[in-house]
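Student: Quick one: this structure, given as C-alpha cells, is what I'll be asking you about.
Bear in mind these aren't lab numbers, they're just calculated from the coordinates by the rules spelled out. Treat the numbers as computed from the prediction; the structure is a model and nothing was measured. Backbone-built Cβ (ideal geometry, glycine too); neighbour counts: all protein chains shown.
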Amino acid sequence: MSTSGMGGGGKSVNFELNLVPFIDLFSTLICFLLMTAAWQELDSMNNSLPPKAASEMPDTPQPTPPPDQLKKVMLTISLGVDKIEYFEDEKSSVLPHLNGEPDVSQLKAHLKEWKARFPDRKDVILATDSKAKYKYLVLMMDTLIAEQFPDVSINLN
C-alpha cells in the first residue's frame, strides 16, 4: 500500500513549472501596453459636436461669449519646398526661403505679431508639402513651441 495518500503508482507530487513562456507572454503584453499608451495622446483630436436638441438644453440661459470668441481665426503656417505661407483664415502672406532654408528670424517676427494680436491663442496648424524636408518640419515645430504656440496640429499634404 502506498503511504502518499494517492492511490496507485506512487508518483511524486513535486514538479517544476516552466515559467519562461509566461514571462515571454507578459513581456510582449507590456511592450504592447507601452506602445499603445504612448500613442493615445497623439490620437486625441478636438471635434465640434453638433448642437444639442432643445429638449436636452438646460432651462438656465447660457452666458453669451465675448465677441472675440464668437469667430475664432484659424492660424495656419504652410511649409513649402521654397517658401513659408502664413494664413489667417483666407488672408495670406508669403515668406521665401533664405539660402534654401526657412527664414526662422522672419518666422519668429510674424509669430510675435500673431501673439500680440491673439494673446490667448496657443494653437496653430502647420501644413507641409510632401516634398518638404523633415528637418525643416521639426525646425518649424520647435520654433512654434518656443514662440508660445504649444498646440501644434500637423497637416501633411
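Student: Using only alpha carbon pairs under 8 Å that are at least six residues apart, calculate the relative contact order of region 71-156 and give it in whole percent.
Tutor: Numbers: 128 pairs, mean separation 25.9, N = 86.
RCO, region 71-156: 30 percent.
Student: Calculate the dipole size of region 71-156 relative to its Cα centre from +1 charges on Lys and Arg beta carbons and -1 charges on Asp and Glu beta carbons; express the result in debye to the nearest 20.
Tutor: For this selection, approximately 120 debye.
Student: List the residues, sorted by chain then number, that are 5 or more residues from residue 83 or on another chain and whose placed amide H is less than 5 Å from its amide H.
Tutor: Result for residue 83 returns 97.
Student: Shifting gears a bit: Could you order the peptides 113-119, 139-145 from most to least packed, using the average number of other C-beta atoms within 10 Å per residue? Mind showing how you got there, number by number?
Tutor: On the way: 113-119: 12.9, 139-145: 17.1.
Ranked by mean Cβ neighbours within 10 Å, highest first: 139-145, 113-119.
Student: I would also like to ask the following. Between beta-carbons, use under 13 Å as the cut-off and find the net charge around residue 140, counting Lys and Arg +1, Asp and Glu -1.
Tutor: With Lys, Arg at +1 and Asp, Glu at -1, the net is -2.
Student: If Lys and Arg each add +1 and Asp and Glu each add -1, what is the summed charge of the other residues whose beta carbon sits under 12 Å from the beta carbon of residue 80?
Tutor: Its environment carries a net charge of 0.
Student: Next question, about the same structure. Can you run phi through the Karplus equation (6.51, -1.76, 1.60; θ = phi - 60°) for region 75-89 and list ³J(HN,Hα) in whole Hz, with x for Gly and Pro?
Tutor: Calculated HN-Hα couplings, in order: 9, 9, 10, 10, 9, x, 5, 10, 7, 10, 10, 10, 10, 10, 6 Hz.
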